[in-house]
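Written out below as structure tokens is the structure these notes cover.
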């Protein structure tokens, strides 16, 4: 959905359309005074939403709905929640709208699509029926007794079950995007593995923890954040920029399969290391070849002869793996016998919808040294990666890339293409296998087999 269309949907029942609220039979149950007050609150909420005050807008919409439960108010409520990044609550609000018999049928497909996009990036908790019945609290919020399934954001959560005559059971749970987990009130202590049952904190204690301890535990889980343990296993759900404090290390092994004495890619070990300085900024070091070997005169001038100091600054995040960042770095393309130093600028974006994902990473390199002697001038790279999530841990990938000198791109561009698969062993480990044709424009015999190993901590 385009930005303009998203903004239009966010204020779907704006001031000019307030009269449409009369259509709801549920709204007709409110008295004239409540309806008038709700209209005023609704109009004020739309004004705040357009001005970017999403917290204020949410308060107005909820106050309006409390006075006059008209389904159309729910759409604006969900839009404000999305802008605030409270995607689980937004999804619940869209589901509430779809369940209302008075909604506009023409909008059902659009809202269903929005709900599906949100659900792809969320996790679910399933609450079992217990004997005796328990009062259940999730992250400090008490659930209605009839709740049996709950949408939650990926990350850490605290679930508390209380029954008369017994000590409260406090569970700390870690959930990844797309994961569903059953709450088990009586379980043995769990190991550190993410896939193990939830670890009980106090079900075996003789006395319940003090009330302030429970409140503190719940407060800490109010804003769950992404960590190496909760990194999405689904490739289509992964953000471009790392969360604060995460280290991502990748070892890319290239095995050149081109004919001897050709100008294909050499065999190489190219490490890629990134660190999340903040939730919006990642910095790292990357290599085109790194440690390389073979007789390729073009691709392997020296055993170790290139690296790039890289950075990514996030400027947009959406639900379900949609995000984008600005991209900048200093490239040391050759160290000996002549220093090739370049500035690299661009952007990287990840778009996902359901099981499909795409990564675009256009980059412009500006040569700073050896411009005349070696022709190290401006060059452009236009890569596109496509992803199909077959299972939560297995994805098929396809890659293509156009690259060449900016001033003579039409005469000297190269076209590479390839494909393979990625398997997430856990949120911390994954491995990819790919076969790449390095330049189909010149010769299909230029091929490279790639093994990519990733680790996060």
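Read-outs: derived from the displayed coordinates by stated rules, not from any lab. In this text the structure is predicted, and so the values were computed from the model without any measurement.
Descriptive notes on the structure:
- The range 89-103 and the range 372-402: distance between their alpha carbon centers, rounded to Å: 39 Å
- C-alpha center-to-center spacing [the range 44-73, the range 273-287] in angstrom: 38 Å
- Equivalent ellipsoid semi-axes, the range 88-145, via Cα gyration tensor eigenvalues times 5, rooted, Å: 28, 14, 9
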